[in-house]
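The values are calculated or read from the model by the stated rules, or taken from the named source; none is laboratory data. Since the structure is predicted, the reported quantities are computational estimates derived from the model, not experimental observations. Glycine gets a Cβ as well: all are built from the backbone with ideal geometry, and neighbour counts include every protein chain shown. Heavy atoms of the whole protein, side chains included, go into the accessibility calculation; ligands, DNA and RNA do not. Shrake-Rupley method; radii C 1.70, N 1.55, O 1.52, S 1.80 Å.
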Amino acid sequence: MRDYILRRLLMLIPILLGISVCVFTIMQLVPGNVVNGILGIEQTPELRAIWEKKLGLDQPPLIQYFRWMGNVLRGDFGESFRTGAQVFPEIISRFTITAELALLSCLTSLIIAIPLGIVSALKRNRPVDKVVRVAALMGVSMPSFASATLIILFLSKAFGYFTPVKYVSLIQNPGTNLEIMILPALILGTTMAGSVMRMTRSSILEVMRQDFIKAVRAKGAPERITIFRHALKNGCIPIITLVGMQMGGLLGGTVVIEQIFSIPGLGQYVLTGISQRDYPVVQGCVLFIAFIYVIINLFVDIIYTYVDPRIQYA
Amino acid sequence: MSKQAILRRALPGAGAALPRQSESAFILVWRDPLGRAGLCGVALIALMAICAPVIARYGVAEMHPKAKLTAPGLTFFFGSDNFGRDVFSRIVYGARVSLIVGIVSVGIAAGLGYLLGILAGFFEGKCESIIMMAMDIIFAFPSILLALFIVSALGPNIINTMIAIGIVNVPVFTRTVRASVKSVKSMDYIKNAISIGLTPRGVLLRHVTPNVLAPFTVQATLALSGAILTEASMSFLGLGIQPPQPSWGSMLSDARKYMEIAPWLVIFPALFIILTILSFNVLGDSLRDVLDPKLKL
Amino acid sequence: MKRLFALFVCTVLLLSAAPTFALADGGILRVGTDAEPIGFDPHTISAVASARVMTQLYNQLVDVDGDLNVVPELAESWEQPDDTTYIFHLRGDVTFHNGRSMTAEDVKYSFERILDPNVGALGSSASYAGDIESIEIIDDLTVKFTLKQINAPFLASLSSWYCSIVAKEAVEENGDLLSADGGTGPFTLGEWIPDNMVSINKYDGYFIPDQPKVDGIEFYVMTDSSARLAALRTGSVDLIAADTSMLPLVAGDANINTLSYQSRNYAALCLNTTLPQFSDVRVRQAISLALNRQDIIDLAYNGEAEVSGFVPASLGHWAVDVTEHPLYQQDIEKAKALMSEAGYADGFEVTLIVGLLDSLRDIGAVAQQQLAEIGITVNVVNKENAEYVALWSAHDFEIMACQNGAGSDPSRGVAFFFKTGNSANIAGYSNARVDELCELGAGTTDVAQREEYYKEAIEIILDEEPNVVIASPREYFLSSAKLLGFEPSAAEPYSLATAYLAE
């Protein structure tokens, strides 16, 4: 097991290197650079030259890459071109926010999806199943920015309610923090619930027709125990995989919701970075997100071994 | 008797599996009420997209400055927007844009995915690990961010949007095909067939493709709806389909400002997005039920 | 009992009504803004999102009032022994936020920083402080600037935030002022939660007595306009930057006030005059004649803009009224005639670059329709912000929809955008007489004389239409009825030092 984890972690190196090259190349290809944004309407060739020199953009791309990569290897992600703030601490502080949002969203989607999936599987092809399936799909069908706008409008008009505007962290004030997070998490959760519910339904269906379930039933076990202790436990591997994947996707995928609810998360950081051509920010964020994504996948694989002891990694 | 014919005899049913299965799949889906609903929905949208020039009453960009934000009625079935453009015509043409975006981007993803998956599955070793590593890299990006990235590099327009959404979806297809190639390759009868001279092309066409088709179809219907949603999110962030081309996503995103005074601007695009996504998803679900033999009870 | 109850209700009503008349100082003003600030170094940041915070933190030597007069700010008075020498007498009661008194030394330091080529300050160009030759400290509160040449708009340009006076020690401690505060303004920099909010606190030692009125201001970043409106309606914020689409929604709302001012900005279609089709003045005039500006205003600005030239009416006596100008009246027949005279009877195809602002994208969509009538097929291409600016600075386009600021002096509105070779002259326009008039205008300090020069230049440019100017938008704020004393203007859109919250 330890060897396996080690091997997986070693795999990170080529992946991250590959990503760093990709993201660097793409950023170079993107037209315009940060100096255009800094100078705005005041640009003159002289000022542009000063700023490009200041930021090291006058160097050939290859040198820029190795300089940046060298610093990253030494643990220095550099400073934002625009705000001059250190990139790494900013990534970490925003990551904790986005991670909290992602976790809450996954939790919401599981709370909605697992019971619905079970009901739907047990009542396969009956009207209940169909209603549940369509309802779960409705959540996926609406673009999240539209549902968010609708909900904000409805709550403000009907109840005079708006989420707290000033962001506070979970440690500073858990109550307010949860109040800020709950609506975004609900919206993201419902958009995820559809696929989780489908996965639950099909895994349970698959498990339920296996022989051991018949044996359990034949033994006279109550239906509840059959479902929860046996069917769900055995059927949850694909669900875990899916949720793990979605979790990773959420790390940058929350950007739309972050923007609407003014949540200072990682998605907004990357998006602003891209639009301002803030190379250190974008490159740092993408490397970090990829790193976390691989780690989450590793975790998912490790969780497998606990859920299903038959799975062994060597 | 040719070698091909011998092989065909040697492996009964293997070659003919495809048409029969897909034929029955259609009927089976039709028999499932949800599947039927999905099929009808998809057909309706497709019809709308194809016949857009006939159905639409005005041009997509045609403005009526004196009739902005008119409520739905006889002149404008679905009302008019803040430029006095006919929402109905824009929805109808929007079906075209949204479907084209969906189909082309999924086409790109499926085509590339098929190719890479076959390569990875057939040639194990270095080639496989490089391809799968590349897929892991693409997969490691959150899809909307990757799409935004590509679009900002290439410039926002409909073709680049489709390319971006296509690339984002490649890994899923690659994985499906590779898994299928590997499982087919490891089957005894294929091993036997290869030993008596079945070419890789034969394996590919006759055995892999039919096997992949089922998960591929399911994946494609789901990816289609995903593509339409991704385009909508990109429109919200200002990097989707560019005006005056109407995509439902951009219509919905632009309309939010007028949600209170002109709710029809939001309702109709939202309705059609939901209808389309729902239809494709329901159809995909139903197809999965029908095509996935493991789920047959 | 009933009567007692009625009395009670009356008292409560009176009590609750009474405080609206008491003008209580203090409290925190919460503002919903549309973009995230980038940093707060007044010398290197051009972003408007930062400016609304920076202008609360810093002061300049002088200010320009609503009637475009230069008025004292940190400098109490000034004199001009000759056309290239300015002597400023500073106020003696100004302190930096760290408590230290501001002296002539600080003024010298600030301008040295602006002119330092390693800083890359935006004020180093000739439009601002670039013409300064030397800065001399005469005594603690007197400083003398010597210019390389006569620069008539020099005094007015000192009012820009690019020419803010900063404390040396703040720059040295932090390397720059991006997230530090070295100002003398009414507020001090508080907390900055990127992508969420920036807070500023009242500075008790501010040199204008009784200002600021509030204890602090919190600027929230709410890029989504519907969220911003919802926040205002629910009382989560007191003031928001408004879209014109919001105006009908709050029209009857007693709790929400609408504030507005006519901006000094204008939208224009800049034609690249180095291209063969646009080098022909007749084609440019035809485009101007083909446009129905009122329709564009109604559609792209919801009617909240005025037909304008490139020196809008808000520039007072410098402005030239274009409403009666022949090229500003839609006349398709005449436009078509001009097109065929120029050899483009069948029109041509052209790409129009839009970006940055929704209003510019909307103008693009409407112009596309209107220009089709004279046979010009317009392909509207929306560019993402950074790319748009890159194309702007490279002058790489056929037509580009722009929003320009006319500034407070025609040296900006005319010379900056139309003098041959200037970086903002993206149309590549060149007219020897205009160049000459711009030189003359900058080279004399006599206002009447300058007005004559610039007006002549304006008339020439209006006839030649390198930039087909469309309209000057009105800018809007929505505030809760509690917010008083806030009077936005083109000169000072965020004049928050005088704002207060009534209880």
Legend entry - The listed residue being in a loop (DSSP other than H, G, I, E, B) and more than 14 Å from chain C (Cβ to nearest Cβ), out of A:GLN59, A:GLN64: A:GLN59
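A quick yes/no check of all residues on (1) assigned by TED's automatic domain parsing to the domain that holds C:ASP83; (2) farther than 30 Å from C:MET339 by Cβ; (3) of a type outside the set (S, T, N, Q):
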residue	(1), (2), (3)
C:VAL389	no, yes, yes
C:SER393	no, yes, no
C:GLY413	no, no, yes
C:LYS419	no, no, yes
C:ALA424	no, no, yes
C:VAL447	no, yes, yes
Legend entry - Matching residues in region C:487-499 - criterion: being more than 30 Å from C:ARG293 (Cβ to Cβ) and surrounded by 20 or more Cβ atoms within 10 Å (Cβ to Cβ): C:LEU496, C:ALA497, C:ALA499
Inset, instruction - Inspect region A:226-247 for any residue being within 11 Å of chain B (Cβ to nearest Cβ), closer than 30 Å to A:MET208 by Cα, in a helix (DSSP H, G or I) and touching a helix residue (DSSP H, G or I) at 6+ places or on another chain (Cβ under 6 Å) and give the result as yes or no. - result: yes
Legend entry - Selected residue (only one of B:THR174, B:THR209, B:THR230 is within 10 Å of chain A (Cβ to nearest Cβ), open to solvent by less than 40 Å² (accessible area, probe 1.4 Å) and of a type in the set (Ser, Thr, Tyr)): B:THR230
Inset, instruction - For region B:136-183, enumerate the residues that are under 20 Å from the mean Cα position of the chain (by Cα) and basic (Lys, Arg). - result: B:ARG175, B:ARG178
Inset, instruction - With the checklist (1) assigned to a helix (DSSP H, G or I); (2) over 26 Å from B:ILE138 (Cβ atoms); (3) in contact (Cβ under 8 Å) with a residue 60 or more places away in the chain; (4) open to solvent by less than 30 Å² (accessible area, probe 1.4 Å) in hand, flag the one item A:ARG82 doesn't pass. - result: (1)
Legend entry - Members of region A:44-74 that are in contact with a Leu (Cβ under 9 Å, 6 or more places away or on another chain) and within 30 Å of C:ALA406 (Cα to Cα): A:LEU47, A:ARG48, A:TRP51
Legend entry - Single condition C:THR188 does not satisfy, out of (1) part of a strand (DSSP E or B); (2) within 22 Å of the chain's Cα centre (by Cα); (3) hydroxyl-bearing (Ser, Thr, Tyr): (2)
Legend entry - Sole exception among (1) more than 14 Å from chain B (Cβ to nearest Cβ); (2) open to solvent by 10 Å² or more (accessible area, probe 1.4 Å) for C:LEU357, by number: (1)
Legend entry - Test for A:PHE77: is it in contact with a Leu (Cβ under 9 Å, 6 or more places away or on another chain), part of a loop (DSSP other than H, G, I, E, B) and in contact (Cβ under 8 Å) with a residue 12 or more places away in the chain: yes
Inset, instruction - Could you grab me the full set of residues in region C:463-486 that are open to solvent by less than 30 Å² (accessible area, probe 1.4 Å), over 17 Å from C:GLN262 (Cα atoms) and not in a loop (DSSP other than H, G, I, E, B)? - result: C:ASN467, C:VAL468, C:SER479, C:SER480, C:LEU483
Legend entry - Single condition B:VAL168 does not satisfy, out of (1) open to solvent by 10 Å² or more (accessible area, probe 1.4 Å); (2) among the hydrophobic types (A, V, I, L, M, F, W, C); (3) modelled with pLDDT under 85: (3)
Legend entry - Among (1) within 14 Å of another protein chain (Cβ to nearest Cβ); (2) in contact with a helix residue (DSSP H, G or I) (Cβ under 8 Å, 6 or more places away or on another chain) - the single one C:VAL64 does not satisfy: (1)
Inset, instruction - Among the candidates A:VAL243, A:VAL256, single out the residue that is farther than 21 Å from A:TYR306 by Cα and among the β-branched types (Val, Ile, Thr). - result: A:VAL256
Legend entry - Subset tally (residues that are at pLDDT 80 or above and open to solvent by less than 10 Å² (accessible area, probe 1.4 Å)) for region A:240-268: 11
Inset, instruction - Output the residue which, of all residues in region C:207-228 that are in contact with a helix residue (DSSP H, G or I) (Cβ under 9 Å, 6 or more places away or on another chain) and either at the interface with chain A (Cβ under 8 Å from one of its Cβ atoms) or of a type in the set (Ser, Thr, Tyr) (or both), is most open to solvent (accessible area, probe 1.4 Å). - result: C:THR223
Legend entry - Inter-residue pairs, beta-carbon under 7 Å, first more than 7 Å from every other protein chain (Cβ to nearest Cβ) and outside any helix (DSSP H, G or I) and in region A:20-46, second surrounded by fewer than 22 Cβ atoms within 10 Å (Cβ to Cβ) and not small (Gly, Ala, Ser), 6+ apart: A:ASN33/A:LEU57
Legend entry - Near pairs, Cβ below 6 angstrom, 6+ apart or cross-chain, from region A:148-169 (more than 7 Å from every other protein chain (Cβ to nearest Cβ)) to any residue that is open to solvent by 70 Å² or more (accessible area, probe 1.4 Å) and not hydroxyl-bearing (Ser, Thr, Tyr): A:PRO164/A:GLU179
Inset, instruction - Hey, could you check region C:95-120 for residues that are more than 30 Å from C:ASP204 (Cβ to Cβ) and touching a residue at least 60 places away in the same chain (Cβ under 8 Å) and say which is nearest to the chain's Cα centre (by Cα)? - result: C:GLY120
Legend entry - A:VAL168, sole failed condition from (1) part of a loop (DSSP other than H, G, I, E, B); (2) closer than 24 Å to B:GLY238 by Cα; (3) of a type in the set (Val, Ile, Thr): (2)
Inset, instruction - Residues being more than 21 Å from the chain's Cα centre (by Cα) and either at the interface with chain A (Cβ under 7 Å from one of its Cβ atoms) or β-branched (Val, Ile, Thr) (or both): count how many of those fall in region C:229-243. - result: 6
Legend entry - Only listed residue being open to solvent by less than 10 Å² (accessible area, probe 1.4 Å), touching a Pro at 6+ places or on another chain (Cβ under 7 Å) and not β-branched (Val, Ile, Thr), chosen from B:GLY84, B:GLY121: B:GLY84
Legend entry - Any hit, region B:123-131, residues being within 11 Å of chain A (Cβ to nearest Cβ) and in a helix (DSSP H, G or I): yes
Legend entry - Options C:ASP63, C:ASP93; residue that is assigned to a loop (DSSP other than H, G, I, E, B), modelled with pLDDT of 90 or more and surrounded by fewer than 19 Cβ atoms within 10 Å (Cβ to Cβ): C:ASP93
Inset, instruction - Name the one entry in C:VAL307, C:VAL283 that is touching a helix residue (DSSP H, G or I) at 6+ places or on another chain (Cβ under 6 Å), more than 13 Å from every other protein chain (Cβ to nearest Cβ) and surrounded by fewer than 22 Cβ atoms within 10 Å (Cβ to Cβ). - result: C:VAL307
Inset, instruction - Hey, can you tell me all the residues within region C:382-400 that are open to solvent by 20 Å² or more (accessible area, probe 1.4 Å), over 14 Å from A:GLN43 (Cα atoms) and of a type outside the set (D, E, K, R)? - result: C:ASN385
